[in-house]
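Since the structure comes first, as structure tokens, the remarks are kept for the end.
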Amino acid sequence: MIPGKLQEILALFQGVTESERREILMGLAGSAKNWEPRREDFCINEVRKDAECSDAAGIHLKRVGFGLTVRISLGPEAQTLTRAMAASFCRGLDGCTAQEIIQVPDEVVTELAGVELVRQRSRTAHYLLRRMKEAAAKLAPQD
């Protein structure tokens with residue numbers, strides 16, 4: 001099950017060439033700063049540097065009504081693909097329930113990044129989605 005806003009982002013990538021895909025990803029990467037946490041209190045604030053990512057990545061979640069506010073912070077060395085995936089996941093999953101986030105299929109990474117980029121950077125591409133699912137799972141029993 002893929003939430004509606006994430007489906008809209010996936011639709012941008014349908015039928016595009018690899019060159020066009022990279023342009024879309026570059027644009028998304030440029031918007032990653034918009035999804036960093038501001039002066040907000042979050043239930044989940046998990047910032048760490050793991051082997052799968054070139055820099056620290058922070059997952060920040062808080063409940064708002066029935067959904068979650070989703071934010072990601074990235075260190076200055078985070079690669080373009082990581083920034084693009086962060087922006088895509090935040091934009092596509094913001095407002096979803098924890099259960100909806102947990103149920104996002106891993107294949108969505110390949111649909112966004114494309115086979116070639118996933119082959120080159122598969123650890124990084126799947127890393128953010130896995131971290132987001134883990135954080136959402138901590139809030140899931142309250143759903």
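The values are calculated or read from the model by the stated rules, or taken from the named source; none is laboratory data. Remember, predicted model here, so these are calculated numbers, not experimental data. Cβ sites come from the backbone with ideal geometry, for glycine too, and all protein chains shown count toward neighbours.
In region 21-49, the qualifying residues are those that are surrounded by 13 or more Cβ atoms within 10 Å (Cβ to Cβ) and acidic (Asp, Glu), and the one that is farthest from residue 137 (Cα to Cα) is 36. When restricted to residues that are under 18 Å from residue 110 (Cα atoms), in a helix (DSSP H, G or I) and among the polar types (S, T, N, Q), region 1-39 contains 2. So which residues in region 99-112 are of a type in the set (A, V, I, L, M, F, W, C) and modelled with pLDDT of 95 or more, if there are any at all? Of everything in region 99-112, those that are of a type in the set (A, V, I, L, M, F, W, C) and modelled with pLDDT of 95 or more turn out to be 101, 102, 104.
Is at least one residue of region 47-59 of a type in the set (A, V, I, L, M) and modelled with pLDDT of 95 or more? Yes, there is a match, as at least one residue in region 47-59 is of a type in the set (A, V, I, L, M) and modelled with pLDDT of 95 or more. Listed conditions (1) in contact (Cβ under 8 Å) with a residue 40 or more places away in the chain; (2) surrounded by fewer than 13 Cβ atoms within 10 Å (Cβ to Cβ); (3) more than 21 Å from residue 140 (Cβ to Cβ) are all met by residue 105, apart from (3). Every condition in (1) under 21 Å from residue 108 (Cβ atoms); (2) in contact with an Asp or Glu (Cβ under 6 Å, 6 or more places away or on another chain) is met by residue 81 except one, and the failing one is (2).
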